[in-house]
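A quick write-up on the structure given underneath.
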Amino acid sequence: MTESAAGQGTPPRGLSRRQFLALTGTGVGAVMFTGCQPPRHELQAQSRVLLAEDVLSAYENWYATACRGCDAACGTIVRVIDGRARKAEGTPDHPVNQGKLCARGQAAVQEQYHPDRLQGPLARTGERGGGFAPISWDQALDQLVERLRGVVGGPSGRLALLTRALSGHGALLLDRFAGAAGAQWLTLDLFGEAPLRQAVSDLLGLPRLPHFDIANARYVLSFGANFLDTWLAPVQYGVQYGRFRQGDYGVQTFAPRQGRPRGYLVHVEPRFSGTAANADEWLPVRPGSEGLLALSVAQVILSEGLARGGAAGLSAGALAANAPERVADATGVAADRIRTLARDFATRQPSLALGGGLAGAHTNGTASLRAILALNLLVGAVGRPGGILPNPAPPLPDLPARTAPSRLADWQALVASLRGGQSPVVMVAGANPVHGLPAALGFRDALLQAPFVVSFSSFLDETTLLADLVLPSHLPLEDWGSAVPDPAPGNAVVTVQQPVVQPLYDTRGFGDVLLAVAGGLGGPLQAALPWPTFEALLREGARALQARGGGNVEAPDFERFWVQLLQQGGWWTTSPPTAAGASSPGAVPPEMAAAQFTGAPADYPYHLVVFPHNTLGHGEGAHLPWLQATPDPTTTVVWQTWVEVNPRLAERLGLAEGDVVAIESPNGRVEVPVYVHPAAPPDVLALPLGQGHTAYGRWARGRGANPLDLLAPLADEATGALAYGATRVRLAPTGRRVAVPKFEGTVPAYQLPDDEVVKVTREA
Ligand code: SF4
C-alpha cells in the first residue's frame, strides 16, 4: 500500500472542489489546523544543505487531532510532510493542554512507523501462543460474526468486551454495542482513581471530577497526587503548576491579577516522586496513613479556630483522638510539623488540598480521600478560584466522559466465568490484561480456557499472542475518534480526532469493525448502531454541537462547522468555571480505619509501592524506544525496572547500585537491580510499572520486571478498586549484578568497590 497522499476525498455538498481543497489542505483528506500559528521554532528556515539525504522536500501541513497517549484528552497538532507524520506538538488553543504535549504524546509519531506493527488480519494456526497466518478482512469478519451469532442474544455475559478506559463517541459506541449484545464490558483502568471519584461524589456531591484550580492557588497540599508525573491529566496540571509557581508573573487563567505571590507546594507521599521533587516540602508519610494525617490537620484547624468554611460534620472534640501528638507515630510525621502544616494551609489563602494516587491505593482509600478533600471545605476552597471548581457536564447529554474503571471483583468474576466456560467469546481492544492485571488474579490461565479470543491490537502483545483472531486497528494518527476529558479543565470539552495520514497497512478502525459486525448480525444490534461508519457517528455528534452552540466553533452551515471543528481539534466552551453544580457537602467520620496489608511484618518487613512510570505508564508505552529512553524524573534510570532502596538499608544489607535482588510478596516474586535512593524511606521499596513484557515488540520484550506480579488481590473497601498499596514484601540478594542505565552519576559505579559505590550514589 502506498504511503503517498492519495485519496483527496470528495467535496461535501455545498462546497466546490476548490473551496474544499482550500479548507482541507493538500493531501490526506485531513483538515488542516488553523487555530493558531505553528510553533515559532518551526517557522525558522532550515538550510537545505543541512538536511539528511533521505528527507524529502515538500509542503508541510499541520493537522489538529486528539492525543491518545493517555486518557487526559489533550489536543495535538501533527506536522505532515509527503504524507508522513513527522512531529507532534500541543494544540495551542486547546483548553486541556494549552499548547503543551508530554513525551507520550510526542511518541505517537514513532508508534505510527513502528517496525513491529501488525500489517493485516491474522488467524491462529496452532496452539495458543503459537503461530498466526494472514487472512483477509472478509474472512476474518465472517469468522467473528459467526462466533458472535452463537452468543449475542443469549444469556447476558457470554461475550466479554475488554477495553481501556474510553470516553466520547468511542464510549458511546461500545456502550450501545455491549447493551444490545448483552456483553459484559470491563475497562482495564486499575489506576483510574475510583476512590477519588467516589470521595468527590460522597463529600462534594459532584457527579464527576472537579477542576482543581492549582494555577490560582497560593498554597497546595497534595496527598499522593503525583500530578506532575502521571496523575489524571499531567500536562493540564503541569501548565497550571507553572502558573502557580510564577504567581502574578505568570499568565493566569480564571482569577484577576491581585499581586498574588508564587505558590507554595507541600507534597505528602511515601515515595519521592517527581511532584515531591518539585515541592517546597515533601512529607514521606507512612503508607496508608494519609487520611489519618488529614484528620489531624483538620483537628488543628478546628481546635485553633482557623476554619473558614463548612466542617463536613467534623468538630475539634470529635477529632480529639487525631490530635497531632496522638497520630505522629502512626503517620511518621512529627506533631509540630502537623501543626505548622495546618496553620499554613488555613492561613495562606487561597489554599487547595489534593488527594489521589498512593493516598487512595489502600483498603481505606476512599475514606482517606474523603478526609483529605474535607480540608477544602474547612478553608472554604470549594467553589472559589484557587480551590475546587465543579466541572460542567460533557457538552452533549449522550456523550460519556471517561468510563468507570472496573472493580477488582469484576475481574475476579470474569476469571471465574472464563474458567467455567460461561464466556465463550472474548473481544479485547486497547487493553493488554495479560500484562496489565495482577498475576494473582490468574487471568492468563483463565483466558486460555476461552474458546474464542479476538484481539484488536496493532501489536503482538501478551494478550494478543493468546488470541484466535487478530484484527489490527488503525493507530490514532490514522483514525477518527473523540475524547471527553475527565477531569475537564473547567470548560465543557470534546477533543476531536481525525486521521492525519493514510493507514500505513491493511488495518481498520475499531469502531468501523464494530459497526460492520453489527451490520452482519442484524437485528437489535444493527438497530442500536445505525451509523454506516464511525465518521458518520462523529458527524452526527458535530451536528448536535452546532445546534447546542456556545462553543469555540460557530459557522453558518454544517459543512463549514465540521471543517472548522476539525481545524480547531475540538469543541469547548470558553466561559470560566463557576461554583454551579456543588451540592450540600457530605460528612466525614472522625475516625479512620487502619489500612490492611497482606504479608506479616515479621516475614515481609517492607511496604511495596508500585507507581506508573512517567513515560511507559502501566506498560502501554514500553514498545517505543523514545519512551524507554526518557529518563525517570528522579532516578534518571532508562530501559530498566529498578527498586528504590534507602541508603542505610542498603548499607545494612551490603547492597550497592546494580545488585540484583529478589522482591518477594505472598503472591509473587520479581528480580530487579537496586537503585540506592537517598530519599527512599527505610521501610518502603518502590518499583515502577511498565516493564516485564514477554511480548509487545522488540523494544519491550524481555526487559525488566512487572511489579504487578507481586500485588495482593486486596481492594478499597468502599469502591472495590484494587488496593495497589496493600502489599508487603521482603528483599533478598541474588548475588548477581548489572549496570543500571541512567543519566545521572556518570561515574560507572558498578565498576567500583562496594563502599565507593554507596558513596558515589549518595553524593549524586
Ligand atoms: S497527558 Fe496524555 S493526552 Fe496529554 S499529551 Fe500526555 S499522553 Fe497525550
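The values are calculated or read from the model by the stated rules, or taken from the named source; none is laboratory data. Because the structure is predicted, anything quoted here is derived from the model rather than measured. All Cβ positions, glycine included, derive from the backbone under ideal geometry; neighbour counts span all protein chains shown.
Remarks
- Scanning segment 131-154 for residues that are without any contact (Cβ under 8 Å) to a residue 40 or more places away in the chain and not acidic (D, E) yields G131, A133, P134, I135, S136, Q139, G154.
- Candidate set from segment 745-762 (those that are surrounded by fewer than 22 Cβ atoms within 10 Å (Cβ to Cβ) and under 28 Å from R286 (Cβ atoms)); member that is modelled with the highest pLDDT: V758
- Counted residues, segment 505-539 - those being of a type in the set (D, E) and either exposed (fewer than 15 other Cβ atoms within 10 Å of the Cβ) or touching a Cys at 6+ places or on another chain (Cβ under 9 Å) (or both): 1
- Test: residue in segment 257-276 that is within 22 Å of D229 (Cβ to Cβ) and surrounded by fewer than 17 Cβ atoms within 10 Å (Cβ to Cβ): yes
- Where Y63 falls short, out of the listed (1) within 12 Å of the ligand (Cβ to nearest atom); (2) farther than 18 Å from D461 by Cα; (3) not β-branched (V, I, T): (1)
- Only a single item in (1) more than 16 Å from the ligand (Cβ to nearest atom); (2) assigned to a loop (DSSP other than H, G, I, E, B); (3) surrounded by 23 or more Cβ atoms within 10 Å (Cβ to Cβ) is not met by G120, and it is number (3).
- The criterion of at least 2 residues that are closer than 25 Å to P210 by Cβ and over 30 Å from the mean Cα position of the chain (by Cα) is met, among helices (runs of 4 or more DSSP H) falling completely within segment 283-352, by 290-303, 335-347.
- Scoring A409 on the criteria (1) more than 23 Å from the chain's Cα centre (by Cα); (2) of a type outside the set (K, R); (3) farther than 24 Å from G697 by Cα leaves a single failure, condition (1).
Conditions tested, residue by residue: (1) modelled with pLDDT under 95; (2) crowded, with 23+ Cβ neighbours inside 10 Å; (3) more than 22 Å from the chain's Cα centre (by Cα).
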site	(1), (2), (3)
P424	yes, no, yes
G430	no, no, no
A446	no, no, yes
E462	no, yes, no
V493	no, yes, no
P499	no, no, yes
P503	no, no, yes
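- Criterion (touching a Gly at 6+ places or on another chain (Cβ under 8 Å) and surrounded by fewer than 22 Cβ atoms within 10 Å (Cβ to Cβ)) met by exactly one of P713, P733, P707: P733
- Count of residues meeting criterion [in contact with a strand residue (DSSP E or B) (Cβ under 8 Å, 6 or more places away or on another chain) and modelled with pLDDT of 95 or more] in segment 186-215: 10
- Residue match in segment 41-53 (condition: among the aliphatic types (A, V, I, L, M), more than 16 Å from the ligand (Cβ to nearest atom), surrounded by fewer than 20 Cβ atoms within 10 Å (Cβ to Cβ) and at pLDDT 60 or above): yes
- Each residue in segment 139-193 was checked for being part of a loop (DSSP other than H, G, I, E, B) and of a type in the set (D, E), and 2 pass.
- For segment 712-739, filtered to residues that are touching a Phe, Trp or Tyr at 6+ places or on another chain (Cβ under 6 Å) and in a loop (DSSP other than H, G, I, E, B), the residue that is modelled with the lowest pLDDT is A739.
- The one condition from (1) within 21 Å of L148 (Cα to Cα); (2) touching a Leu at 6+ places or on another chain (Cβ under 7 Å) that A429 does not meet is (2).
- So T403, is it under 18 Å from R286 (Cα atoms), in contact with a helix residue (DSSP H, G or I) (Cβ under 6 Å, 6 or more places away or on another chain) and crowded, with 19+ Cβ neighbours inside 10 Å: no
- Residue ID - nearest to the ligand (Cβ to nearest atom), chosen from residues in segment 215-241 that are of a type in the set (G, A, S) and under 18 Å from the mean Cα position of the chain (by Cα): A233
- A165 vs. criteria within 16 Å of the ligand (Cβ to nearest atom), closer than 30 Å to A542 by Cβ and in contact with a strand residue (DSSP E or B) (Cβ under 7 Å, 6 or more places away or on another chain): yes
- Subset of segment 72-111 [more than 9 Å from the ligand (Cβ to nearest atom), among the small types (G, A, S) and either within 18 Å of D486 (Cα to Cα) or in a strand (DSSP E or B) (or both)]: A85
- Some residue of segment 597-608 being outside any loop (DSSP other than H, G, I, E, B), within 20 Å of the chain's Cα centre (by Cα) and among the aromatic types (F, W, Y): no
- Condition check for L375: crowded, with 24+ Cβ neighbours inside 10 Å and among the hydrophobic types (A, V, I, L, M, F, W, C): yes
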